[in-house]
Amino acid sequence: MTRRLEGTVALVTGASSGIGHATALELAREGASVALVGRREDRLTDLAGEISTAGGNALVVPADITDAQAAAEAVERTVEGLGRLDTLVNNAGLMLLGPAPSADLNDWRRMIDINLMGLMYSTHAAIPHLVKAAADQPRQVADIVNIGSLAGRGAFAMSAVYCATKFGVGAFSEALRQELARQHVRVSVVEPGSVDTELRTHNTAVVQQQLATAIGEIDRLQSQDIADTVGYIVTRPRHVNVAELLVRPTEQI
Ligand SMILES: NC(=O)c1ccc[n+]([C@@H]2O[C@H](COP(=O)([O-])OP(=O)(O)OC[C@H]3O[C@@H](n4cnc5c(N)ncnc54)[C@H](OP(=O)(O)O)[C@@H]3O)[C@@H](O)[C@H]2O)c1
């Protein structure tokens with residue numbers, strides 16, 4: 001099988017679990033060297049070992065990207081360690097749900113800090129390297145893939161701020177797509193429905209139960225389904241920018 005990302009470098013935020021973990025593996029399978037960003041270094045190290053055993057190349061970059069300087073340093077360490085940057089996957093995120101009137105403002109701040117600011121800090125630091133990669137071999141194109149959500153396409157009660165952050169990801173992505181199009185840096189947003197990951201476990205038991213009831217006993221997406229979607233987007237020919245993809249579990253209403 002052709003490894004379509006051979007010679008390229010990708011950075012995946014939130015690679016320590018769920019969608020980010022699966023996406024890092026997927027991009028490595030396609031031949032990319034992958035920088036693994038997240039706070040849980042032990043998990044990133046395990047993943048780097050897995051990639052290396054499979055014949056790939058990974059760099060562990062522990063960072064809390066809600067800090068602008070840490071996000072910029074993560075990008076710089078990637079370029080220093082792996083030589084370039086062709087693909088940025090902004091995946092790290094947090095979903096804390098519940099009624100708005102009784103919400104802890106700190107929970108709102110934490111979601112904005114990672115879902116929006118972390119994504120923006122990483123993007124800002126990466127753009128010069130992506131523009132350079134797009135002007136260069138092997139593909140003459142570079143990618144920013146932002147993981148939004150179904151909650152960025154429609155708003156739901158009990159999810160006001162999570163939805164606000166994910167609508168923001170959609171707006172940021174589209175504006176940036178227009179700005180970078182002529183430099184062949186493609187910007188895409190992937191909007192998953194319910195995926196079976198740790199994301200919902202950060203909520204209280206009551207909220208987790210409410211979520212389970214609202215979604216029902218359905219066959220959820222797996223992280224690999226979204227990794228496949230990211231893999232599809234970044235392996236399109238240079239003239240194709242898949243700007244937006246909404247991926248639902250078949251049974252999710
Ligand atoms: N699961 C779903 O149903 C679903 C649906 C739609 C969209 N999404 C989106 O998909 C993305 C990935 O979520 P997931 O479902 O895979 O959940 P997850 O397993 O909880 O993964 C979240 C990732 O974000 C990282 N992260 C959180 N805060 C961070 C910080 N300050 N700095 C660096 N990394 C940070 C976490 O790593 P550390 O804790 O190690 O830092 C973790 O690897 C999120 O943006 C989420 O909103 C998920």
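Nothing in this text is a laboratory measurement; each read-out follows from the coordinates by a stated rule. The shown structure was predicted, so the numbers you read here are calculated from the model rather than taken from an experiment. So basically every Cβ, Gly included, is an ideal-geometry build from the backbone, and we count neighbours across all protein chains shown.
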At what distance in nm do the modelled label points of Ala181 and Leu105 sit from each other, each positioned 7 Å from its Cα along Cα→Cβ? 4.0 nm
Between Glu198 and Ala135, what's the calculated FRET efficiency when r is the beta-carbon distance and R0 is 35 Å? Round to 0.05. 0.35
Those residues of the stretch 100-117 whose amide nitrogen sits under 14 Å from the label point placed on Gln252, 7 Å along Cα→Cβ: none
Isotropically averaged projected area of the stretch 9-247, using the convex hull of Cα atoms (one quarter of hull area), nm²: 12.2 nm²
Put one equal scatterer on each alpha carbon of the stretch 19-128, apply the Debye formula with no solvent term, and list log10 I(q)/I(0) at q = 0.16, 0.24 1/Å to two decimals. -0.72, -1.35
What is the distance in Å between the Cα centres of the stretch 181-250 and the stretch 62-84? 24 Å
Gained length - Asp46 relative to Gln224, 0.36 nm times residue gap less alpha-carbon distance: 62.3 nm
Gain in length, His124 to Glu80, computed as 0.36 nm per residue apart minus the alpha-carbon separation, to one decimal in nm? 14.1 nm
At 7 Å along Cα-to-Cβ for each site, give me the label-to-label distance between Asp67 and Glu217 in nm. 4.7 nm
